[in-house]
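Chemist: Just passing along the structure, written as structure tokens.
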Amino acid sequence: MGEMTAPHPTLLPLEDERCEERALVGGKAAVLARLRRAGFAVPPGWVLTTAVAEGDGAAAIAELAALVGDVPVAVRSSAVAEDGDGASFAGQFESVLGVRGAEALEAAVRRCWASARAPHLAAYGGAPGGHAMAVLVMPMLEPKAAGVAFSAHPVSGARDEVVIDAVAGLADRLVAGERSGEQWVVGRDGARHVQEGAGAIDAALAARIAALARSLEGALGAPQDVEWAVDDAGLWVLQSRPITRLGAPPPARPTVVPPSGHWLRSADHAPLPHSPFNRSTYLPGVNACQDEVFATAVPLIERLELREIGGWEYVRLVPYGGGKLPPPPAWLVPLLWRAVPSLRRRVKAAIGAVRNGRADATIATYYREWRPDFQRRLAEMRARGGAVAADASDGPLVAHLRAAADLLAEGLRLHFHCHVAEMLAIGGFAVVAGELIGAGETETLDFFVGLSQASTEPAKSLAALAAAARERPAVRALFEGGARPAVADVRAADDDFRLAFDAHQERFGHRSLRLDVMERTLAEVPEVTVGLLHDQLRRAFEPERVADAQRATRARARAEAEARLARRTPADRERFFRALEGAERAYPLREDNEFWFVGCTMALLRYAALAVGARLAERGQIGRQDDVFFLEIQEAIRALASRERQAALVAERREAHREVQRHPGPPSYGVDPGRPESFDGFPPEVGYTMRALLWYADRAIGAASPSVGDENGLRGVAASAGRYTGPVKVIRDEGEFDRIAAGDVLVCPITSPVWSVIFPSIGALVTDSGAVLSHPSIIAREFGIPAVVGTGNATSVLRDGQVVTVDGTRGVVERLGEGGRERLP
């Protein structure tokens, strides 16, 4: 960060003894300066002092930019009132990470200054004209793990226990309450793991962090709330403040009383609790359309139902009649379905759906009408969003938000119509293939490998970008260095490449990373795409080689079917291949319709919500733009009209969200009623439909699973064949994509469709939940990557750097040791 020579009077290196003056450098910097001078491991830095006048601070910022150079830095607020004994002001002022270049540095500094005048600070009292603010600039670390540590137990008040929350990589989302890490308590009996996570730290490191926290308490004279990070150079102190409310009792957790029925944790679609905004938009949208969707083709299931239980999403298939009565005896069935008008209508609809090819008709309508219409509407609304956000009046903004929510509801309705059609077509083929050629699960799925183009399109586009980077010397030079280059540098290196990069982001970036509008899109975090490019240039993805292997698999499956069908009648052969053709048309629909109807539409709603959040933040009603996701949609709309502050409600909701994450729900509630043994008594079309749907549902709904395995390995679902040996990288959520290195074994709770962009970089996949037809399994097969899903607890028992062999053929993960990677035949 440059030589620490005589600084500008308003610019001080952190080593300067004047940096211990709170009135000059603010609370955060004053504490860190004191600790650095006392010998604690505090990164070096510079402070723009409170003597800098915001209006004429350009000279000081320019001098700081010259000293910093091209090193990525963290720009952190350091208000005089911050980190005091009475109030911490935690999270109330701005900090900006990963800042690089003079222009970005100036913008970040001015954001910190502006946060000193935010209206929501009135909740802390005083400073009607704004808080005196200094700005601390430090080099960005690349931590292996980071988190917070309390030198005394913040809940019980016990002074002999240190509580540590830890995550792999940066801890910014942990500190903000948007992500839950693993938790350790270090007391007289050593370190104990009280909340499992991704193995970010071990007991020995927990003990080191606890010793550091106790040393800081001794040096500063009071129990401390410490922000820490560990990298190759060691353990660092990033902030230390007094614990202001030691021993405050936690709110009592309400007793969870589940509704009647058998509920499965929807760990594949909702690995984390929903944000309040998502709870008020996505969940109602899913449930509202189910009666309509199932009534058109599924006679004995009323709906798929989602419900939050204890803050977590659960799912169940509701049988006809709500499951309140036991199944009727076989002799009564023919009379029952003819005598009950509503059941008779459903049976008639199912018969018509089979005889008239409703699944095929739905798929054709999707490609001919629904998808192009949605593409047009999405483009129009996204283009209109900027103008609406710039309009000073609230009316157009509210109308745009409502329109985005309505479009999501419409997208979810069409998504489930497509989904049922796909389930019936693929499940129907599985029933036919099992009956006529004895095909098992793996043999059935071999017919479809390589047909899900939506799974591989983003990666193919990324591969083309990587090829373009190799052909342009200026771009190639950026990626040939050890570190991943900055987005600005990549875009500035070559005009043609910039256009190609931006086109890729525009085409594939405006899509939700998870089924929650709170999550950023890839368009918002272009550094993830740069990181993936960096990996592609080291581990080239060869789409044609993968496609050739997939074509060979499909051809082999077809040849084996032909041989077995040789002993069947021509009618049986015709029935088999008619079912196969329908399933081949349906298989690509799973990922493709999810992209447009759900992923892109949720991104549109996110952008509309952020526009509302920006306006609420400008008025001081919430602390920052993304606080809007801790309001429900109607609360956000009412807040615009009322101008009432929502900061207290947001803080309450953030803490509740964090608390739910600390207490995951069980894999299921209620008693599993089992599957019907027979559909005798119904018309044959009903039995065919139900067997098809249940075959698919059993392989698509990946509930949270109990742990399976021993000290040497794990067992799960064999999702994608092959073997691979390499180092583990535990990724808890989409915010950690930049931690993935080429050849890693990706270990995660689950993947959503948008995760497909990282699959060319990884060697194998292991997930906690999932099934053979869930998204991670489909995507892994499309990329020819060995995968084991549904292990139950891989993210808890595996740790970064540990070497494992993933056997996707047998569904086994073997733990070997540390370091290295090897592709096995």
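Chemist: Given +1 on the Cβ of Lys and Arg, -1 on the Cβ of Asp and Glu, and no further charges, what dipole in debye does region 666-814 carry about its Cα centre, rounded to the nearest 20?
Modeler: On the way: 11 positive and 17 negative charges, 44 e Å.
Roughly 220 debye for region 666-814.
Chemist: Would you mind working out the magnitude of the charge dipole of the chain relative to its Cα centre, with +1 at each Lys and Arg C-beta and -1 at each Asp and Glu C-beta, to the nearest 20 Debye?
Modeler: On the way: 94 positive and 105 negative charges, 450 e Å.
Once rounded to the nearest 20, the dipole reads 2160 debye.
Chemist: Counting pairs of alpha carbon atoms under 8 Å apart in space and at least six apart in sequence, what relative contact order in percent does region 596-742 give? Show your work: numbers first, answer last.
Modeler: On the way: 68 pairs, mean separation 16.9, N = 147.
For region 596-742, the relative contact order is 12 percent.
Chemist: Here's a follow-up. Order these peptides, 381-392, 715-726, by their mean beta-carbon neighbour count within 10 angstrom, highest first.
Modeler: Details: 381-392: 13.8, 715-726: 22.5.
Packing proxy ranking, top to bottom: 715-726, 381-392.
Chemist: What is the calculated FRET efficiency for GLU435 to ALA467, with r their C-beta to C-beta distance and R₀ = 51 Å, to the nearest 0.05? Can you show the working numbers first?
Modeler: Values: r = 46 Å, r/R0 = 0.91.
E between GLU435 and ALA467, to the nearest 0.05, is 0.65.
Chemist: While we're looking at this one, here's another question. Report the one residue of VAL525, LEU589, ALA764 whose Cα lies farthest in the direction of the positive end of the charge dipole of the chain (charges on C-beta: Lys and Arg +1, Asp and Glu -1; origin at the Cα centre).
Modeler: Selected residue: LEU589.
Chemist: On to the next question. Per 0.36 nm of contour for each residue apart, how much would the distance between ALA330 and ARG159 grow if the chain were fully extended, relative to their Cα-Cα spacing?
Modeler: Values: separation 171, 0.36 × 171 = 61.56 nm, distance 6.74 nm.
Here the answer is 54.8 nm.
Chemist: Suppose we keep just the DSSP beta bridges with both residues in the chain; what percent of those would be antiparallel, to 5?
Modeler: Details: 80 of 89 bridges.
Percentage antiparallel, nearest 5: 90.
Chemist: Which value, in debye to the nearest 20, gives the size of the charge dipole of region 402-458 about its Cα centre, when Lys and Arg are +1 and Asp and Glu are -1 at the Cβ?
Modeler: Details: 2 positive and 8 negative charges, 58 e Å.
I would put it at about 280 debye.
Chemist: To continue, here is another question. For n ≥ 4 DSSP H runs only, could you compute -39500 (n - 2.57) per run for the chain, divide by its residues and tell me the 222 nm figure to the nearest 500?
Modeler: Values: 28 runs with 356 residues, N = 825.
My calculation for the chain gives -13500 deg cm²/dmol from helical runs alone.
Chemist: May I pose another question? If I fit a long axis through the Cα atoms of helix 22-37 and take the longest principal axis of the Cα atoms of the chain, what angle between them do I get, 0 to 90°, rounded to 10?
Modeler: 80 degrees
Chemist: Against the longest principal axis of the chain, how steep is helix 495-508, in degrees 0 to 90 to the nearest 10, with axes from Cα atoms?
Modeler: 60 degrees
Chemist: Have a look at LEU304, TYR366, PRO341 and report the one farthest towards the positive end of the charge dipole of region 273-397, computed about the Cα centre with Cβ charges (Lys/Arg +1, Asp/Glu -1).
Modeler: The listed residue farthest towards the positive side: PRO341.
Chemist: Obtain the nm distance between the two label points defined at ALA392 and HIS193 by a simple spin-label model: each point lies 7 Å from its Cα along the Cα-to-C-beta direction.
Modeler: Going from the ALA392 label point to the HIS193 one covers 5.8 nm.
Chemist: I would also like to ask the following. Report, to the nearest whole %, how much of the accessible area of the chain belongs to carbon and sulfur atoms, 1.4 Å probe, protein only. Provide the component values of the computation, followed by the final result.
Modeler: Working: 17570 of 33240 Å².
Here carbon and sulfur together make up 53 percent of the probe-accessible area.
Chemist: Please give the Cα centre distance for region 19-61 versus region 552-595, rounded to the nearest Å.
Modeler: 69 Å
Chemist: Moving to a separate point now. What are the ³J(HN,Hα) values, in whole Hz, obtained from phi via the Karplus relation 6.51 cos²θ - 1.76 cosθ + 1.60 with θ = phi - 60°, for each residue of region 448-453 in sequence order, with x given for Gly and Pro?
Modeler: Using θ = phi - 60°, the values come out as 10, 4, x, 8, 8, 5 Hz.
Chemist: Student exercise: in the chain, how many lysine pairs 8 or more apart or on different chains have Cα atoms under 29 Å apart?
Modeler: 4
Chemist: Let me ask something else about it. Taking the solvent-accessible surface of protein heavy atoms with a 1.4 Å probe, what is the per residue accessible area of the chain in Å²?
Modeler: Details: 33240 Å² over 825 residues.
Per residue, the chain has an accessible area of 40 Å².
Chemist: Evaluate the distance, in nm, between pseudo-label points positioned 7 Å from the Cα of ARG37 and of ALA641 along their respective Cα→Cβ axes.
Modeler: 5.7 nm
Chemist: Does anyone have the angle between helix 543-565 and the longest principal axis of the chain? Alpha-carbon axes, 0 to 90°, nearest 10?
Modeler: Between the helix axis and the principal axis of the chain, the angle is about 20 degrees.
Chemist: Related question: In percent, what relative contact order does the chain have, based on Cα pairs under 8 Å that are 6 or more apart in sequence?
Modeler: RCO, the chain: 13 percent.
Chemist: Could you state the number of Å between the C-alpha centres of region 396-445 and region 466-531?
Modeler: What the calculation gives is 31 Å, centre to centre.
Chemist: Which of SER796, VAL167, ALA114 sits farthest toward the positive end of the charge dipole of the chain, with +1 on the Cβ of Lys and Arg and -1 on the Cβ of Asp and Glu?
Modeler: SER796
Chemist: Next question, about the same structure. So, R0 is 45 Å and r is the distance between the beta-carbons of ALA222 and TYR367; what FRET efficiency does that work out to, to 0.05? Walk me through the intermediate numbers first.
Modeler: Working: r = 66 Å, r/R0 = 1.46.
Given R0 = 45 Å and the Cβ-Cβ separation, E is 0.10.
The values are calculated or read from the model by the stated rules, or taken from the named source; none is laboratory data. No experiment lies behind these values; they were computed from the predicted model shown. Please note: Cβ atoms are built from the backbone with ideal geometry, for glycine as well, and neighbour counts cover all protein chains shown. Areas reflect the complete protein model, heavy atoms only, side chains present, ligands, DNA and RNA absent. Shrake-Rupley method; radii C 1.70, N 1.55, O 1.52, S 1.80 Å.
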